[in-house]
1. Quick one: in the range A:54-87, of everything that is within 14 Å of chain B (Cβ to nearest Cβ) and in a loop (DSSP other than H, G, I, E, B), which residue is nearest to residue A:192 (Cα to Cα)?
2. Just checking: which of the strands (runs of 3 or more DSSP E) contained wholly in the range A:114-168 hold 3 or more residues that are of a type outside the set (A, V, I, L, M) and farther than 14 Å from residue A:34 by Cα?
3. Conditions: (1) within 9 Å of chain A (Cβ to nearest Cβ); (2) at pLDDT below 95. Residue B:73 meets all but one. Number of the miss?
4. Let me confirm something: among B:60, B:45, which residue is over 19 Å from residue A:196 (Cβ atoms) and buried (at least 20 other Cβ atoms within 10 Å of the Cβ)?
5. Among residues belonging to the range B:169-206 that are closer than 18 Å to residue B:113 by Cβ and within 17 Å of the chain's Cα centre (by Cα), point out the one that is surrounded by the fewest Cβ atoms within 10 Å (Cβ to Cβ).
6. Can you run down the residue pairs with Cβ atoms below 6 Å, 6 or more apart or on separate chains, where the first is in the range A:99-123 and touching a residue at least 40 places away in the same chain (Cβ under 8 Å) and the partner is among the aromatic types (Phe, Trp, Tyr) and crowded, with 17+ Cβ neighbours inside 10 Å?
7. Of all residues in the range B:8-25, count the ones that are within 14 Å of chain A (Cβ to nearest Cβ) and surrounded by fewer than 21 Cβ atoms within 10 Å (Cβ to Cβ).
Amino acid sequence: MAIVSRGFGSRRRESSPDLPPGQFLTTDFPVLSAGPTPDIDTDDWEFTIRTETGQAHTWSWEEFLALPAEDVSTDIHCVTRWSKLGTSWRGVSLDTLFEDVESSHDFVMAHSYGGYTTNVPLEDLLDGKAWIAYEFDGEPLEPEHGGPARLLVPHLYFWKSAKWVRGLVMQADDEPGFWEQNGYHLYGDPWREQRYW
Amino acid sequence: MSGGWKVGVVTGTRTETPSARSITLDVPGWGGNLAGQHLDLRLTAEDGYQAVRSYSVASAGPGDTVELAVDRIDTGEVSPYLVDELLPGDQVELRGPLGGWFVWKPETSAPAVQLIAGGSGVVPLLAMARAHAASGSIADMRLLYSVRTPDDVFFRDELQRLGVDVTFVHTRRAPDGASRPAGRVTRELLAELVHPASVDPDVFVCGPTGFVESVATWLVDLGFRPERVKTERFGGL
């Protein structure tokens, strides 16, 4: 039984059935990063998927933009408790990028420019559940929000949607990434409030 | 690590600035925290409505005493309650300590440490300065504190006593006799006022998004190693 805070509750934020437990709505787009924003020139940008055989599937920025893209409208949920509903993105589905990738491993470590990592099960990236996004609200993705391109896995807490993504490495086990080693949940389902260890 | 919700009893409050106050709580079972960690604070209304927000912890070290410092956001639903309504003896629920990245530990510190605060972003950095003093660390710790006016400084007296070299940048109004007129931190000012990149300091930057974004980018431009620059940002929520 929670304790009651005397006199609290006169002001309340708007509620919505689309809001996972413990989240509140925001119309801003807050920025949360563990370090400086890396400066990435699209001339130097590459995206690579690497498997256990050492095989690498690599796309330059030009090759990446030539892939079929999708417009995605989705809700996003940050572990710091803000949620933003109906956000608009454009990006390449991971189904497209994984088309020619053969791996027997079930887990993925996403790696970013700047050194960030996050772990995601492969099944959470396929079947229309994840993208490499490069536009937000019809504009090129701003560096502070992960541009030129970020992973977008909106059904998990947003730290899983790695900013400045540069590659995915297949892994046999669900090894923890950066925040997952620093106190945050290995999987991160907002509807089950999997925030911390 | 974080465990479940614990009940904290307010043991004291103190006005820090016209819009902020510090709150001391006794939290049985807390067991201490590292300098720079944060916690979740939960309030429950009489009809069961709940709101949870994250706050940096101003205190550090072992024990069950927790100190917070909260700045009122007028459009918020939690901070006005904490700043204007909460009284000694009141109870709130807390979970934590949380976060293992934006922390300073004496045993693994670089020889030089640069703290850079924007406004109420000073709170976790104060915890680091307190931990520095409590541990007797010989690390050369400096604080650059950007604040609107002299009236907006948190923990003013204590900051002077902690043995950390503190430099203020006043953005709107400087005190009488100040060596610099009021104005924002610029890249040039940053280069002048912080440890040089050549000593490869551990750097902790905390403040509003725009401030942290600018400062962190300038630090990298000035030759600081990005992996040594740890940031924490808040979006005014």
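1. Step by step, filter the range A:54-87, then rank; the result is A:79.
2. Working: elements: A:117-121, A:131-136, A:150-152.
By residue number, A:131-136.
3. Answer for residue B:73: the failing condition is (1).
4. One residue alone meets the criteria, B:60.
5. B:202
6. These pairs meet every condition: A:112/A:164; A:113/A:164; A:114/A:164; A:116/A:178; A:117/A:178; A:121/A:107.
7. Within the range B:8-25, the subset within 14 Å of chain A (Cβ to nearest Cβ) is B:8-10, B:23, B:25.
Still in the running and surrounded by fewer than 21 Cβ atoms within 10 Å (Cβ to Cβ): B:9-10.
So the answer is 2.
Residue-wise test of (1) more than 14 Å from chain B (Cβ to nearest Cβ); (2) under 13 Å from the mean Cα position of the chain (by Cα); (3) within 22 Å of residue A:61 (Cα to Cα); (4) aliphatic (A, V, I, L, M).
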position	(1), (2), (3), (4)
A:110	yes, yes, yes, yes
A:141	yes, no, yes, yes
A:150	yes, yes, yes, no
A:169	yes, no, yes, yes
A:173	yes, no, no, no
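The values are calculated or read from the model by the stated rules, or taken from the named source; none is laboratory data. For clarity, every value in this text was computed on a predicted model and none was experimentally measured. Ideal geometry is used to build each Cβ from the backbone, glycine not excepted, and the neighbour counts take in all protein chains shown.
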